[in-house]
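Report on the following structure.
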Amino acid sequence: MSAPTNVQRMDKIVSLCKRRGFIFQSSEIYGGLNGAWDYGPIGVELKRNLKNYWWRVMVHERDDVVGMDGAILTHSEVLKASGHVEGFSDPMIDCRSCKAHLRLDQLIEKKGIKQCPNCGGKDLTEARQFNLMFETHVGAAADESSIAYLRPETAQSIFVQFKNILEVSRKKLPFGIAQIGKAFRNEINPRNFTFRSREFEQMELEYFCRPEQGMELLEYWKEERLKFYENTGIPRDKLHVKTVPDEERAFYSKGTYDIEYDFPFGAQELEGVAYRTDYDLSQHQKASGKSLEYFDEETKQKFIPHVVEPSAGVDRTVLALICEAYAEDEAPDEKGKMETRIVLRFHPRIAPIKCAVFPLLKNKEPLVAKAKEIVDLLRPHMYVFYDESGAIGRRYRRQDEIGTPFGVTVDFESLGEKDPALRDTVTLRDRDSMKQERVRISDLLQLLSMRIA
C-alpha cells in the first residue's frame, strides 16, 4: 500500500477528527468561527488525558512544584507592566489584489520581490503593527477605566501571585508554579487546523531560581520536556530542539529553546523553554509598588528570583499526538478478505478510551450480563466503552479508529459452555498487533492497569 503524501495525510486526519468526534469547527452550523475549535466526546478525553498526565508529571510527582488556576480576565495594568499592551503585536500586510490579511513573515519572495502566498500578487500595503490581544470592558461603563484583556498567556497570573503562593506553600528556591488554562490571541491568519488558533490552551511552568542557576536549569527543563513527549508516544526522532538565535529571542531572555515536532505540514513548535531572568517579577514589582523579593534564610539576602519557563500548547500537542498515532494497514474482514484499516496508535496512557467491552452476541442475555459485569468492574478505574451492535469485526474497527488500545470480548467460552476450564475468561485483543489472548476476568483489572500506566 503506497504511503499518502503529507497533504493527503493531513486531509485524512482532519476528516477523521470530525467523523469520529475528536474536533469540530466552532459554530459550524453558522458558517464557523475562524480560529476557534470545539472538542467532541473523543477529543475532550484525549485532551484531558494529556493535561492530567502533564499535571501528574509536573506537579504531583515532584516536591518542588505547586499549582494554581488564574483568571482569564486580566487587569490592564498587569499587561502594561509585562509589555503586552505596547509590544505584543505582529507586523501585518494586506494584499490589494486578493484582499488577504497576512503576517509579514508569510510573504513569499521570488527574484527578490515579495509576493502574496495566496494569489502571487505584488501590490502589497506597507507593514503595520497589529496588537494580538483581545480587549474587553469590565462593568457597566465602557471607557478607558474599564478596559481589561483576555489573557494572551497564562504566565502573568503566576507572576502577580508569586508572593502569595510563596507564603502559603512555604517553598524554597528553586521551586515552580504550574498552570493549565486558556489563552487568547487575535491571530492575523489562523492556519494548519488547530495548530494556530485564536483561542487555545497552555500548560506552563514558571520555575523560580537563583540567578546563578538559570542556565543550568534551562538545560535541565529542556531534557525533562523531551522525556515527557517521548512518554506520551512521540518518538525522539520526530522531535527537534531549535536554539533560538539572539536576534529572534525576547530581549529579556538569556536563552530559549523551541521543541519542534514533524507535523505533516512541516516541523513546527510544540513548546518553548525560556530563561526569562528576573524581568517579569521586576516589572511587576516596579509597576505595582509591592515587593516581590525572596528572602534567603541561609544567606539573609533579599533578591528577585530568576525564572525558567517551559510553556507548551495543549492543542498543538493533541494535534501532534493524533498525527503521530494515525496509521493505515490491512486487516481481514468477517469473510477473511483483506481491507484497509485506519488505526490511531495512541500510547495507552493517552488514549481517549482505554478498553472496549463486547458481548459476542447482543441477543444472548448471559453474554450481555457478563459483559456488563466487566464494565462495572473496570469503570471506576478507567474510561470503558460498551458496544453490542454489529459484527465483532466492525466493532473492533470502530475502536481502532479512535485509538482504543484494548478490546475485551465475552464469548461462549466465558460462560463455560464448551470447556468448563474457560469459564470466567475473556478474549483480550491488542489494537496494534490485533493478537488475542485468553485472560481470567479476575486478572483483567490488574493486567490492564499495568499496560495503561
Legend entry - Peptides ranked, highest mean first, by Cβ atoms within 10 Å: ranges 275-282, 337-344: 275-282, 337-344
Inset, instruction - Using a/c under 1.5 as the rounded threshold, could you call region 220-289 rounded, prolate or oblate? The axes a ≥ b ≥ c are square roots of the C-alpha gyration tensor eigenvalues, and prolate needs a/b larger than b/c, oblate otherwise. - result: prolate
Inset, instruction - Evaluate E = 1/(1 + (r/R0)^6) for F295 and L447, where r is the Cβ-Cβ distance and R0 equals 45 Å; express this FRET efficiency to the nearest 0.05. - result: 0.30
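Take the alpha carbon gyration tensor of region 13-98, find the square roots of its eigenvalues, order them as a ≥ b ≥ c, and report rounded if a/c is under 1.5; if not, report prolate when a/b exceeds b/c, else oblate.
oblate
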Inset, instruction - May I ask you to give the average projected area over all directions of the convex hull of the Cα atoms of region 62-129, in nm² rounded to one decimal? - result: 8.6
Legend entry - Cβ crowding within 10 Å averaged over residues, with 261-272, 92-103 ranked highest first: 261-272, 92-103
Legend entry - Residue-wise HN-Hα coupling along region 6-18, computed from phi with Karplus coefficients 6.51, -1.76, 1.60 (Hz; x: Gly, Pro): 4, 5, 4, 4, 5, 4, 5, 5, 4, 5, 4, 4, 6
Legend entry - Unit charges on C-beta of K, R, D, E only; dipole of region 1-128, Debye: 700
Inset, instruction - Could you please report the charge total around Q179, scoring K, R as +1 and D, E as -1 over all other residues with beta-carbon less than 9 angstrom from its beta-carbon? - result: -3
Inset, instruction - Assign one of three labels to region 99-254, namely rounded, prolate or oblate, based on the Cα gyration tensor with a ≥ b ≥ c the square roots of its eigenvalues; rounded applies when a/c is under 1.5, prolate when it is not and a/b is larger than b/c, and oblate otherwise. - result: oblate
Inset, instruction - Determine the relative contact order of the chain: mean sequence separation of Cα pairs under 8 Å and six or more apart, normalised by residue count, in whole percent. - result: 12
Inset, instruction - Kindly state, as a whole number, the per residue volume in cubic angstrom of the convex hull around the alpha carbon atoms of the chain. - result: 203
Inset, instruction - Please give the peptides 75-85, 307-317 ranked by average Cβ packing (other Cβ atoms within 10 Å per residue), highest first, as a rough proxy for protection. - result: 307-317, 75-85
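A short reminder: the numbers here are calculations on the coordinates, not readings from a lab. All of these numbers come straight from a predicted model, not from anything done at the bench. Note that each Cβ is placed from the backbone with ideal geometry, even for glycine, and that neighbours are counted across all protein chains shown.
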